[in-house]
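First comes the structure, then the notes that go with it.
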Amino acid sequence: MSVVKYFDLYFKLISAGVRAQLQYRFAFVMRIVGLITSYTGTAVTMWIMLYQFQELGSWTFYEMLFLFAVAVLSWGFCIILFFHFRGLDTYILNGTFDRFLVRPINPFFHFMAMKFDVGAFGQFLFSIGIFIWVSFELQLDWTIGKSLFLLLSVAGGILIQGGLLVMISALAFWTTKSEQFYWVPCFRPEI
Amino acid sequence: MFRFRLYWTFTKKAFLRSAVYRFDVWSRLGSNLIFLLMWGSIWTALYAGREEAGGVSFESMLTYIVVSQFLTGVNGAGTPLWEIQEKVRTGDISLELMRPFDVPLRYLFADFGSVAFYILTALLPLYTVMFIFMDLTLPSGWETWALFIVSAFIGFLIRYCIEMSFGLLSFFLVETGGIVDVFYFAMSLLSGSVIPLWFFPGWLETMALYLPFQGIYYIPNAIFIGKISGSEILLSLGVQLFWAVASYLLLRFVWNRASQKVVVQGG
């Protein structure tokens, strides 16, 4: 199967998933509100920490905020693409993983396209809001080079974190349990 | 009448149950350590070589964070909030309501068991080693140790009552996501678990001093490092006791309303 076909199939599969999630409007909105609140909470904690000390290793509050927004953005994408790998061990344990193996598409791709967590929309709203705010505060001038660098570093962040998540989930093929290892990459309280 | 032996059974069972899931204990200890490392590094960077800030020496501040992380481990070892909420959502809680015990107390005593196991097998050995090998300040007299333990225990009760009351909100609301997030944020910040109250902006410090959360981490930590000393300790313990009673009454109130709701709906 060609790559183009895979792309086509990916969008078909995830659009079905998105429609399923949007059935529960209230839960969807609450999840986004919850995510934004908890990230704002971390930002407020950072503000209080720097209220007395002004800087953390020569980083000021706005610079820290920018760094935080980059991390949140890449983590948000990572959740959308890879976070459901966390449940892989249950599929293996119950034998339901077989259903991915018998279909004529790549099982990794199939599992990846199974879910598309639109709740992570909260992360986009948060980080884009922060980018705009910090740009004004620090008077950043966005050249093409800088924007490209930001995009690439977010992409890098997604791949590194996603790679870790998939690697840890794949341990379940040997141990049948991988949930407990999740604290290694998920040292943050918010999902 | 309080049937201590009945609830004591839950404590013993929970202790034994934790012993079965030993791997769980290790992974929890791992994440506790990572957070300790993170906050330790952050505070080291914030002090940036200074001997003291805000009237507190670097050594005391580091001790504050280590003790705080120890107490976070203690407070996090009980029944997780989502487990209670899941029981409410699936209706399994009705099975508990039918049995001849008081559900909030049953969970409290079960928590005593799992927390005891976690402290004895993981937290205590690790933190003892840490205190031996790191430059941390220890309380000078045994009285301070005793008062710290009492204060930490009352803090545990406050945290349990408030957290449980929140967990029971799922009796009334279908989706508690956002509210729970606000709650956990308020608790981690205003309890002084990661930033001691004396570093807060003035207005926020005043606010935090009028809220129950300070009793969970701030008061025991501050007693430990000697920031609160002398007769101030007794005053702080009094404040803690007041909030422990108040949050217990809150828990009772929420629990009565919640169980009535189940009974009305044909239990």
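The values are calculated or read from the model by the stated rules, or taken from the named source; none is laboratory data. These numbers come from a predicted model, not from an experiment. Cβ placement follows ideal geometry from the backbone for every residue including glycine, while neighbour counts extend to all protein chains displayed.
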Practice prompt. Give segment B:228-243 a look and list any residue that's farther than 12 Å from B:PHE148 by Cα and surrounded by fewer than 22 Cβ atoms within 10 Å (Cβ to Cβ), or say none.
Written response: B:GLY230, B:SER231, B:GLU232, B:LEU235, B:GLY238, B:VAL239, B:LEU241, B:PHE242
Item to complete: Look at B:TRP39 and say whether it is modelled with pLDDT under 90 and within 23 Å of the chain's Cα centre (by Cα).
Response: no
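The rows are residues; the columns are (1) in contact (Cβ under 8 Å) with a residue 24 or more places away in the chain; (2) closer than 29 Å to A:PHE26 by Cβ.
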| residue | (1), (2) |
| --- | --- |
| A:PHE85 | yes, yes |
| A:ASN94 | no, no |
| A:ARG99 | no, no |
| A:ARG103 | no, no |
| A:PHE109 | yes, no |
| A:PHE116 | yes, yes |
| A:ALA120 | yes, yes |
| A:GLN123 | yes, yes |
Practice prompt. Could you give me the residue pairs with C-beta distances under 7 Å whose first residue belongs to segment B:205-232 and is at negative phi, whose second residue is in a helix (DSSP H, G or I) and of a type in the set (Lys, Arg) wherever it lies, and which are 6+ apart or on separate chains?
Written response: B:ILE216/B:ARG159
Worksheet, complete the sentence: Within segment A:45-56, restricting to residues that are more than 7 Å from chain B (Cβ to nearest Cβ) and surrounded by 16 or more Cβ atoms within 10 Å (Cβ to Cβ), the one that is nearest to the chain's Cα centre (by Cα) is A:MET46
Response to the item:
Restricting attention to segment B:211-257, the residues that are aliphatic (A, V, I, L, M) and under 18 Å from B:SER60 (Cα atoms) number exactly 6
Practice prompt. Could you grab me the full set of residues in segment B:200-227 that are among the hydroxyl-bearing types (Ser, Thr, Tyr) and loosely packed, with under 14 Cβ neighbours inside 10 Å?
Written response: B:THR206, B:TYR210
Worksheet entry | Residue list for segment B:17-43, filter: among the small types (Gly, Ala, Ser), without any contact (Cβ under 8 Å) to a residue 40 or more places away in the chain and more than 11 Å from chain A (Cβ to nearest Cβ) | B:GLY40
Worksheet item: Any idea which of (1) touching a residue at least 60 places away in the same chain (Cβ under 8 Å); (2) surrounded by fewer than 22 Cβ atoms within 10 Å (Cβ to Cβ) is the one B:TYR160 doesn't satisfy?
Response: (2)
Worksheet item: So is B:TYR160 of a type in the set (Ser, Thr, Tyr), out of contact with any strand residue (DSSP E or B) (no Cβ under 8 Å at 6 or more places or on another chain) and at the interface with another protein chain (Cβ under 9 Å from one of its Cβ atoms) or not?
Response: no
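Yes/no matrix, rows are residues, columns are (1) modelled with pLDDT under 85; (2) buried (at least 21 other Cβ atoms within 10 Å of the Cβ):
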| residue | (1), (2) |
| --- | --- |
| A:VAL72 | no, yes |
| A:LEU93 | yes, no |
| A:ASP98 | no, no |
| A:PRO104 | no, no |
| A:PRO107 | no, no |
| A:MET112 | no, no |
| A:VAL118 | yes, no |
Practice prompt. Residues that are within 30 Å of B:LEU234 (Cβ to Cβ) and of a type in the set (Val, Ile, Thr): find the helices (runs of 4 or more DSSP H) completely inside segment B:109-212 holding 2 or more of those.
Written response: B:142-167
Worksheet item: Name the pairs whose Cβ atoms lie under 9 Å apart, with the first residue in segment B:168-185 and at the interface with chain A (Cβ under 7 Å from one of its Cβ atoms) and buried (at least 20 other Cβ atoms within 10 Å of the Cβ), the second part of a loop (DSSP other than H, G, I, E, B) and modelled with pLDDT under 75, and 6 or more positions between them or separate chains?
Response: B:ASP181/A:GLU190
Fill in: Filtered residues of segment B:44-80 (kept if in a loop (DSSP other than H, G, I, E, B), small (Gly, Ala, Ser), within 13 Å of another protein chain (Cβ to nearest Cβ) and at negative phi)
B:GLY76
Worksheet entry | Tally, over segment A:25-34, of residues that are within 8 Å of another protein chain (Cβ to nearest Cβ) and not basic (Lys, Arg) | 5
Discussion item. Looking at the structure I just gave you, is A:LEU73 part of a helix (DSSP H, G or I), within 14 Å of chain B (Cβ to nearest Cβ) and among the aliphatic types (A, V, I, L, M)?
Written reply: no
Item to complete: Test B:LEU81 against the stated conditions and say whether it is closer than 20 Å to B:MET187 by Cα and surrounded by fewer than 20 Cβ atoms within 10 Å (Cβ to Cβ).
Response: yes
Worksheet entry | Where A:THR42 falls short, out of the listed (1) β-branched (Val, Ile, Thr); (2) within 14 Å of chain B (Cβ to nearest Cβ); (3) surrounded by fewer than 13 Cβ atoms within 10 Å (Cβ to Cβ) | (3)
Practice prompt. Taking the residues in segment B:195-217 that are of a type in the set (A, V, I, L, M, F, W, C) and closer than 20 Å to B:GLY78 by Cβ as candidates, determine which candidate is nearest to the other protein chains (Cβ to nearest Cβ).
Written response: B:PHE213
